[in-house]
Structures are given as C-alpha cells and as structure tokens.
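Scroll down for the structure; my scribbles are underneath it.
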Amino acid sequence: MSDFNMPSLGADMDEGEILAWKVKPGDSVRKGDVLLEVDTSKAAFDVEADHDGVVEEILVEPGRKVAVGTPIARIRQTGEALAKPAPKPVAPHLRITPLARVVAKDLGVDPAKIGRGTGIDGAITRADVERAAAKHEEPHVEKAPPPPSGADKSKREGLRDAIAAAMSRSKREIPHYYLSQTIDLEPALNWLEKLNAGRPITERILSPVLLLKAVAHAIWEVPELNGYWTDGALNQSESVHLGVAISLHSGVIAPAIHDADDMSLEQLMAALADLVQRARHGTLKASEMTDSTITVTNLGDRGPEAVYGVIYPPQVALVGFGAVMSRALVIDGQLVARRSVIATLSADHRASDGHRGGLFLRAIARLLEHPESL
Amino acid sequence: MSRTLSYREALHDAHFQALSEDPRVFLVGEDVNCYGGTYAVSKGLADHFGADRVIDAPLSESGFVGAGIGAAMGGLRPIVEVMTVNFSLLALDQIVNAAATLRHMSGGQISVPLVIRMAMGAGRQLAAQHSHSLEGWYAHVPGLRVVAPATVADARGMLLTALADPDPVIIFEHVGLLALTDELPDDAGAVEIDHAAVRREGSDVSLITWGGNLPKALEAARQLEAAGISAEVLDLRTLRPLDDAAIVASVSKTHRAVVIDEMWKTGSFAAEVCTRIMEQAFFELDAPLRRVCSAEVPIPYARHMELAALPSVEQIVQAATEIARHE
Amino acid sequence: MSTLPDQARCHALYRQMLRIRRFEERCGELYKQQKIRGFLHLYIGEEAIATGVIDRLEPRDVISATYREHGHALVRGVSMRAIMAEMYGKVAGCSRGRGGSMHLFDVQRGFLGGHAIVGAGLPIAVGLAMARKRLDQGAISVCFFGEGAAAEGEFHEALNLAALWELPVLFVCENNGYAMGTALARSESQTDIHLKAQAYKIRAEVVDGMDVLAVDEAAQRAISAIRADLKPYFLECRTYRFRPHSMFDPELYREQAEVSEWKKKDPLLTFRAQCETAGLLDEAAVQAMEQEIASEIEDAVQFSEQAEWEAESDLLKDVYTPRGAP
C-alpha cells in the first residue's frame, strides 16, 4: 500500500484544493491516468497516477484544501503485502548514566540491583557501579517501592501502591510550601445563578467549574506553577492540562482536562462531567492519566474548610478548594456574612517562591470577583 | 627573542605582515584608514601602505562585503573589517547567499579567498545592539570557515592562515580580549586552524569554550581545582569545521562536560557541541551535559544587569560542581 | 532608427538574437516535459540587450548577470551544450549541475554567474572591477540586472562605491517594467532609473532596449569611456519580457493588450524588417540560420539527454576548495 500525496505542481505551490476525483475505491489505474483535478492558487490541474495499482481509499474529499505532501489517497500496488508492525519490547526504566551502563556490563554488575545512585537526581554513576562490583554485593542505598504488579494483588491494592509510591516520592523529593486565601464567592455565585436561571438543568454550570476556569486563567499570570520539574529544572508547559482529582473506591486519581484554559464554561462543564463518568467506568485514555500539568482538588462537597494537598510529581503545584460556606467577612469596613471558599496552594519551592504563589491565589480571587470575565 | 604584546597589537602586527608580504592583500572597512579602526587595530597602517591598501568604506556593509567577494573572485586577497557582528547582519545576504555558495553554485570553478573580521561580544555596557554573539549563525553555513581566536598567538596567527585559505573565513574577535596580553616569539606567524587546543589539562570535567569566554573558563578551572575538581579546558578555536575528535577525546577522558557559550542558550552553538557529544560520545558520559550561556534577554545596558545576563565564572563553577561532585 | 552596419554584422546580430529566441523557446518546452526543473526565467523579448552589449566586450572583461541569464551566457560563448546540460542538472553542465538555470558560470569565458538574489550581483561586480583595475588595467566588469534591483539597498551601495572608488563597471539595467508582477510605477517613486545613477555622479543614459543597434551603439560609447578613464557608466535599457516571469505565472498583473503592443517592437521582427528593407537580409538567409540553430539546439538536447548524472557520493564536493589549491 502506498500513500498518494498532494503533488507539488510548481516550486511555489504550498497547497491544493481537490476539485474532483476521477477515480473511486476499487478502480484499477495505470501510470498516467488522471486521478483527480486540483485547484492551486494559480490554476486548476489534472493530476496523474505515478504508478499502476488499485485505488484502495480516498482520504480527502473534494472541496478540501490540503498541504503539498499530505496523503490524499491510498493506492495498492499489485502483489503488495501489508506489513505488520512489530510489537514494542517493554523495558523497565533505570536511571543510570551511559558510562555506568557500559561499565556495569564490563564488570558483570546488575545495575537494577544497585538502587538509587549518587549522581544527578539519583542516577547510578560509574563510581556506584564500581563500588557495587568491589563489594560483590548489592550496596544498599535506598530500596525502591515494590512494583505494583502480580496476579495476587487486587486492582485496588495496585492503585493504592501507585498512590503510595507517588506520594512518598513527592514528600521525599519536593520541598512543598503552602499558602491559603479566603475568597469571597458571593459575586461569582450570584452571577452563576443568573446565568443558570434561564437554562434547563442539563445545561447548567456548576460552581466547581467556575473554580477550575479561574485556576486555568490564573496560570496565564503565574506560568511557573504549570509544568514539570525534571532533570533538575522547571519545564514550564505551554498548554494548561488541568488534573482534576476524582475519588474512586480504590483511591484518588487526577486525570487531565486538556487545554482547559481554552475552553468556555460550557465546554469545561461538559469535559468535567465526561471525565468523571469515564473515570468511574474505567475508560480513561492513557494521555489523560499522564498529561496533567497542574492538579486541582476540590473537597468542598465533603465538608472540610481547606485542603493542603501533596503535589503529584513531576508536577510543581496543586490547588485545593474546601467547602463553600457562609463566613463573616469584612467588606468595605462592614462585617457581613458572605458565601466564601478557602483556596490553597501547595507548590514546589524549587520551581517557584511564595511571592509568586501568593500572586497566583490573588489572581484566582480576582477572577472570581469578576466572573463575567470567565 | 620574544616580547609581550596585546591581542590588539597582535592583530595590528598580523595586518602589517600580510600587507607587506602580498600586494594582493588590502584592508577595507568602516573607519579603518583615517580613524585607525574602531578598535585601533589598523592604526598607522594607512600611513605605511597608502589609501589604496587601507580603504575607508562608506556605511554600506552589504556593498563593501559584496565588493570584497567580487575582489576575491577576481584574484585579490581582501580583508574586510565589519565593525561588529551586529552590523554584519546588514551584509548577511552577501555572506550567506554569495560568499558561502559561489564555489558550489559554480560547480567548483570559483574560490572566494575572502577574510571577514568582526568584533563581537558583550561586557562593555554597549547595550542590546552592539553586544551580540552570533558566531553560531555563521558556523551554521556550509561554505564558510569560522574561527574565534582566544589567545594573543591566535589573534596574530589566524589572520595569516585565513588569508592563505582559498575559501571565505570569518574571524570573530571578542572585544573583551583586546587588552589581553601575552608573550609572543618575534617570529610568531601563521597557526593551523584545523584543531581545537587543550588550554589546561584535567580529569574530572571538560570545560569547552572558545573566543571571549576562554579566560572565564580558565578562571573557573582554577577555582574548581581549589575545590578538588580537576577541570580540563578545551578551546575549540575553529567553529566550522568543528574538531569533533578533540571534543570526543576530552569527554572520553573526563566523562563530563560543561559548554560555555555567550550566545543565547536557545539554538546556541553550545547546543551543537552538546549534540555532537551525544552522537559521538554518549556512552562516555557519566553525568548530564551542562550549558552556561547568555540569559534569554537582549543585552541590557546597566552594568549589573549586563553581567547577570552573561556567562559567569560562578555559573561555570556551579555547573561543573553539580555534575562532577563526588561522594 | 540607427544606421545599419554591413551585411555580415547585420547577419551576426540577427543570428545571435534568433539563437537566443529559439533556445529559450525550446527551454520552455523542455520545462513542460519536466526535463528542466526548478525556476525557469526566459529572456524572450529582451534579446537585443545581451546581444548588443556583450558582443562589444573583450575576453579579459568579466560579466555578472541575474537568474534570467541564458541569453548572456550564449552570447558570451558559453557552449549551448554546457548550458543545456546544466539545466538538465547533469554533471556536464557549465556549473556541474549544482547551479541550474539561475546559476550559469564559465570562468574561462569570464562569465561569473548567475546571481539570483535581486540586487546582490551589483556589489560583487564592483569588487570584480576592483580586481580588474588592479590586475589588468583597462579591463572592465559588466553587470546586468533588472529594474527591480533599483529598490534594493545593494543597488545604491554598489553605485556609490563604484563612483566613489572610480571603478570600471558597466551597469546595464534591463528595465522590462515588471519586478515579477509589480509594475515599476508601483514600486518606485522615481521611475527613470538612470537618474538614480546620475545622482551618484555616474554617466548614465536611456537606451531603446528593443533596438539592437541602439544598444550596440550605446555599449560602444560606454565601454570606450570606461576603458579611457576607468570610471563607471550606466545604461538603462528599456525592454519588455514577452513571457511570464517564470513558468508558473498566470500573469494576473498585466493586460494582454499591453503584451501585444510591445510585441510589435519585437527586436527580431523590427531588426529583420529594417535589414530586409535595406536588402541586407532575405528569407533564404533567415531559413539557413533557422536550420543551423535548430541543429545546434537539437545537438545540445541530445547531449544533455545522454550526459551522466553526478554520483551521489560526490554530494559534498565543491563546498570548500581542496587544500593546496591556489
């Protein structure tokens, strides 16, 4: 099978619009037969087959414009067999320097038995391997947690193990700092009630969605809270993939809502509902489990006033919301009862400082005070 | 016999020698005659060789670099001084589209034995339009040869070697080096420009650099030695073609490397050096590579901000310590 | 109208223009057959300029031109076989297949490119003049370029340098009215290009670029003036390109009526009519020329068809000069 691509009909042609196909799937074509008509910025051209074969599939329908080089049809050459992709071997990841790996092989040391090394970020270095070889035994540096596997373990224990490993690593490696801010939610909730008033139940926006949106936009102002700490440095993410903590029977997971900052409230509401639904049915996609760039946990429906969470590594921040409740707040010098929430930030001190974290919480508060901007 | 002279004097002497030895050689550039050269490199040359050999050019970088290319094609041996690399951007078309391509486009019929010299680099509070390091841009282009003398001997010798080269050679002279002094034999002449040079031997980490950052790397190596880390300092000297063998040899010895480059980190020449190490010496590495480059900001005017933007001895020491620490 | 020269000269001039015309027509066909690829810029309509100027040069003079330079190379004596093979991308081409249509070079004949960055050839021509002046006094550097170059800074820098440094450059502006699809009046506030040269104190004149005799006479004037005092001279030759800018150009920017009007001034038609009226050229002579030229072109095509492709193992050749070469 070979792809038939949008051809270049001149050095300055970048794209072409398919006007009409002159062939259909199943047709036999000979080299030179006209396959289709293409419109360029300059004129329309007939495009011919470049080899004999059978049209297998038309990939781009007439009326669409595609770049030069884009596959637009599949044409099978006679006698051509389909190639099967080879299965990918899966190897456990070991943090070891290239040189140490070579030396370990030379000295007959199994680096997997060395544990955590003394190099950058715990990498096993040549010196670690040489020490291991000298002792003729496994040097005990630090035991890694047992891998969550085995037929005897229930799925529930598997998730528990994974949480245990991740949270232990987080507390071991990440120097957390914590901030909190009480946010007056009266304007936001009033605005939301007005918005929802004219809508059927199925189309209403729930207040947690407003909180998510505020977090997503606040990230624009303090982007260093959004990303990963890897290889000793902060790698800020350009996209905002909000991890949303969802409680299951077996533990908590935090799958991602991709590009949450680009979504309208309605889209975000739909995405959240869909995510919760699929999390409960165990049909999340792998990318949703790994792509979160910052996590939000909302324990509001369970009553606690505030939550000071543990960062999910390699992320660098976690935002928590407690219960929305009436509190006595001082507004314009008057003591008044207002519905409010305590927002907290757990952040990695390697990646950001309290000053920036404070700005972030303040940005969330400001956005929620002007909900129409969301 | 030998005498002590500065990098600037070495450049001047090299011009004097080149103009004396070969009547085809001439120097052209802005203010090279009456003014004596922006950095006083050509001071006095016009008195000796005349206005036909030391030619003041109008502020027409593309024009006089192009004229240099034509003159070189036509059988002369021009030295074109572009005041600083910043202004060379006005001549980028001639350098990239003509000087570098003519031999190839003509199927090997033409050589362009042109030497272009330019001052470069920050450190003198000249702000965002007069402080660039862009040698990596030129090193990107096949057809050019790019050298960066970091020592007094190279300042003198590389010009002579470049003039003998049949192809276009760009010489980057870091302004921070002009006052550097060293002792040079009276008969010091052309130097080879095919190889990098180990400026200091070491065993724990390689500090790889060139041009204006060599003094910083050497100072960092001294400080590291005091902390018990033995640093090798490799001066690349020629950025195109790059001496891969010397880089691999040094990394194979120390198993760790810090590359110091005054270009901005993104797309820096250091990135190229690191990639070659990954491609050719990956299994020699016992730690991740580190780069010390300029901060991602146009060079600021204020002294403390400019210094903060540039690679520093402290940063080099810190990067080297991080990857070379022992337990 | 200029006075006609003798019959042999008339024949030579007409034959040279006809040779360019037929060669270019064949190139256009070969492009459609995909024998020639890349950009192809045809000189049809402008033949009188290369023919009139280059014929008056000496072997020691050097020429630089643009990407529309097939005609110049032919007049200068670069072999038609080598030019055609170059466009085929064959190693027998005058630039060993590395340059293509836009980069024809023949150092032996002082034909130094084939420069495809508009305006960039001018400073190089200035440098070539520096070298000519120092190494072979009296030799000159001729630079062909289009009127579009006048919008580039390099045009002005080069004119200033040539005048300031008193260099023997003949600047020949082939003003065909369009920089690709942009009419001169849409890109220049001053459309009399020669006035720009005069502003740099360069002797400059306007020439009817459709009249080979007018070009020939202006070239003689300019060349002898340059050889006498080694200072630059500028000819603005007004002409017209009958074909599109390159092969992939639907010509949205000009009226067919305008093209038809200019075709009445076709340098081949007008010169032939002039010669015929004077009894210096007849149908039989033209037919004989047509046949000779057709067989020369056919020979060049056959040569190029059969020529070898360069081995891919030679890819990195000619990026640098082999060490030890002069």
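Read-outs throughout are calculated quantities, based only on the coordinates presented, and are distinct from any laboratory measurement. Quick caveat: nothing in here was measured; it's all calculated off a predicted structure. Backbone-built Cβ (ideal geometry, glycine too); neighbour counts: all protein chains shown.
Taking the alpha-carbon distance from C:LYS201 and a cut-off under 13 Å, which aspartates and glutamates remain once sequence neighbours fewer than 8 residues away in the same chain are dropped?
Reachable aspartates and glutamates: C:GLU166.
At a 10 angstrom cut-off on C-beta neighbours, averaged per residue, how do the peptides C:91-100, B:167-176, A:203-212 rank from highest to lowest? All intermediate terms of the calculation are to be shown ahead of the outcome.
Details: C:91-100: 23.4, B:167-176: 25.3, A:203-212: 19.4.
Output ranking for C:91-100, B:167-176, A:203-212: B:167-176, C:91-100, A:203-212.
Inside 10 Å of the C-beta atoms of C:98-105, what's the mean count of C-beta atoms belonging to other chains?
4
Go through C:ILE54, C:GLN33, C:MET80 and say which Cα lies farthest out towards the positive end of the charge dipole of segment C:1-109; charges sit on Cβ, +1 for Lys and Arg, -1 for Asp and Glu.
Projecting each Cα onto the dipole axis, the largest value belongs to C:GLN33.
Out of the DSSP beta bridges found with both residues in the protein assembly as shown, what percent are antiparallel (nearest 5)? Write down the numbers at each step before the final one.
Working: 67 of 132 bridges.
Here the share of antiparallel DSSP bridges comes out near 50 percent.
How much length is gained if the chain between A:ASP106 and A:ASP39 is pulled fully straight, taking 0.36 nm per residue apart and subtracting their Cα-Cα distance, in nm to one decimal?
17.9 nm
With r as the distance between the Cβ atoms of A:ALA162 and A:ILE331 and R0 = 45 Å, compute the FRET efficiency 1/(1 + (r/R0)^6) and round to 0.05. All intermediate terms of the calculation are to be shown ahead of the outcome.
Details: r = 45 Å, r/R0 = 0.99.
In this case the efficiency is close to 0.50.
Springs between alpha-carbon atoms under 10 Å, Gaussian network over chain A: tell me which of A:GLU56, A:GLU288, A:GLU266 tops the mean-square fluctuations.
Greatest mean-square fluctuation among the candidates belongs to A:GLU56.
Any idea how far the Cα center of segment B:133-157 sits from the one of segment C:168-206, in Å?
39
Take the alpha carbon atoms of segment C:223-278, find their center, do the same for segment A:192-219, and report the distance between the two centers in whole angstrom.
Each part reduced to its Cα centre gives a spacing of 71 Å.
Would you mind ranking B:TYR301, C:TYR88 so that the residue whose beta carbon has the fewest other beta carbons within 10 Å leads the list?
On the way: B:TYR301 12, C:TYR88 23.
In order of increasing Cβ crowding within 10 Å: B:TYR301, C:TYR88.
If you add up the charges near C:ASP229, with Lys and Arg at +1 and Asp and Glu at -1, over every other residue whose beta carbon is less than 12 angstrom from its beta carbon, what do you get?
My count for the surroundings of C:ASP229 gives +3.
Expressed in whole Å with the largest first, what are the equivalent ellipsoid semi-axes of segment C:29-129 derived from the C-alpha gyration tensor as the square root of 5 times each eigenvalue?
Sorted largest first and rounded, they come to 21, 14, 14 Å.
Checking the a/c ratio against 1.5 first, then a/b against b/c, what shape does the Cα gyration tensor give for chain A?
On the way: a/c = 2.40, a/b = 1.23, b/c = 1.95.
Here chain A falls in the oblate category.
What is the list of residues in segment C:81-121 whose amide nitrogen lies under 12 Å from a point 7 angstrom out from the Cα of C:ARG37, following Cα to Cβ?
C:88-90
I need the phi-derived Karplus couplings for segment C:265-281: 6.51 cos²θ - 1.76 cosθ + 1.60, θ = phi - 60°, integer Hz, Gly and Pro marked x.
In residue order, the calculated couplings are 9, 2, x, 6, 4, 5, 5, 5, 4, 4, 5, 5, 4, 7, x, 9, 8 Hz.
Among C:LYS32/C:LYS90; C:LYS32/C:LYS263; A:LYS105/B:LYS253; C:LYS32/C:LYS265, which pairs are too far apart, with a Cα-Cα distance over 25 Å?
In this structure, C:LYS32/C:LYS265 lie more than 25 Å apart at Cα.
What distance in nm separates the two pseudo spin-label positions at A:ALA67 and B:GLU322, each 7 Å out from Cα along the beta-carbon direction?
Spacing of the two 7 Å Cα→Cβ label points: 3.5 nm.
Hey, what D do you get for segment A:2-76 in µm²/s if you plug the Kirkwood alpha-carbon radius into Stokes-Einstein at 10 °C and 1.306 mPa s?
It comes out at roughly 131 µm²/s.
Residues of C:126-138, mean number of Cβ from any other protein chain within 10 Å of their own Cβ, rounded to a whole number? List each step's numbers first, then the result.
On the way: counts 8, 19, 9, 4, 11, 10, 5, 2, 8, 5, 2, 0, 0.
Per residue, the number of nearby Cβ atoms from other chains is 6 on average.
Relative to the first principal axis of the alpha-carbon coordinates of chain B, what is the inclination of helix B:244-254, with its axis defined by its Cα atoms, in degrees from 0 to 90 and to the nearest 10?
20
Roughly what % antiparallel, to the nearest 5, for the DSSP beta bridges in chain A?
Bridges in chain A that DSSP calls antiparallel: roughly 85 percent.
When the helices in chain A are scored as -39500 (n - 2.57) per DSSP H run of 4 or longer and the sum is shared across all residues, what 222 nm value do you end up with, to the nearest 500 deg cm²/dmol?
Roughly -9000 deg cm²/dmol at 222 nm, from the helical runs in chain A.
Return C:CYS173, C:CYS10 ranked ascending by Cβ neighbour count within 10 Å, so the fewest neighbours appear first.
Going from sparsest to densest Cβ surroundings: C:CYS10, C:CYS173.
Can you check what the Kirkwood hydrodynamic radius comes to for chain B, Cα pairs only, in Å to one decimal?
Numbers: mean 1/r = 0.0497 Å⁻¹.
This gives a value of 20.1 Å.
Hey, got the dipole for chain A? About the Cα centre, +1 on K and R Cβ, -1 on D and E Cβ, debye to the nearest 20?
1700
Using square roots of five times the C-alpha gyration tensor eigenvalues, list the equivalent-ellipsoid semi-axes of the protein assembly as shown in whole Å, biggest first.
Semi-axes from the Cα gyration tensor: 64, 41, 30 Å.
Antiparallel as a % of all DSSP beta bridges within chain B, to the nearest 5?
Bridges in chain B are about 25 percent antiparallel.
What are the extents of the Cα atoms of segment A:241-317 along their three principal axes, in Å, largest first?
Largest first, segment A:241-317 extends 28, 27, 25 Å along its Cα principal axes.
For the pair B:GLN129/B:ALA227, report the inter-label distance in nm, with labels modelled 7 Å from Cα in the Cβ direction.
4.0
Tell me, what are the semi-axes, in whole angstrom and largest first, of the equivalent ellipsoid of segment C:17-311 as set by the roots of 5 times the Cα gyration tensor eigenvalues?
28, 23, 20
Against the longest alpha carbon principal axis of chain B, how many degrees, from 0 to 90 and to the nearest 10, is the axis of helix B:152-164 turned?
The angle comes out at about 50 degrees.
Could you state the angle between the C-alpha long axis of helix B:269-281 and the longest principal axis of the C-alpha atoms of chain B, as a value from 0 to 90 degrees rounded to the nearest 10?
60
Between C:ARG227 and C:GLN302, what's the calculated FRET efficiency when r is the beta-carbon distance and R0 is 41 Å? Round to 0.05.
E between C:ARG227 and C:GLN302, to the nearest 0.05, is 0.50.
At 37 °C and 0.692 mPa s, what whole-number value in µm²/s does Stokes-Einstein give for the translational diffusion of segment B:199-264, with Rh from the Kirkwood sum over Cα pairs? Working shown, then result.
On the way: Rh = 11.8 Å.
Roughly 279 µm²/s, to the nearest whole number.
Within chain A, which DSSP H helices have Cα atoms that stretch 18 Å or more along the helix axis and a mean Kyte-Doolittle hydropathy of at least 1.0?
Flagged H segments are A:207-221.
If neighbour count is taken as other Cβ atoms inside 10 Å, put B:ARG145, A:ARG101 in order from fewest to most.
A:ARG101, B:ARG145
With bins 5 Å wide starting at 0, give me the P(r) of segment A:177-373 over every alpha carbon pair, in whole percents.
Reading upward from the zero bin: 1, 8, 16, 21, 21, 16, 10, 5, 2, 1, 0.
If R0 is 51 Å, what FRET efficiency do you get for A:LYS31 and A:ARG278 from their C-beta distance, rounded to 0.05? Walk me through the intermediate numbers first.
Details: r = 49 Å, r/R0 = 0.96.
Efficiency, rounded to the nearest 0.05: 0.55.
Quick one: check the C-alpha center-to-center distance for segment B:1-68 versus segment A:234-283, whole angstrom.
67
Please report, in debye to the nearest 20, how large the charge dipole of segment B:197-324 is about its Cα centre when each Lys and Arg carries +1 at its beta carbon and each Asp and Glu carries -1 there.
Using Cβ point charges on Lys, Arg, Asp and Glu, segment B:197-324 gives about 180 debye.
Modelling each spin label as a point 7 Å along the Cα-to-Cβ direction, I'd like the B:HIS140/A:LYS24 distance in nm, to one decimal.
Modelled inter-label distance: 5.1 nm.
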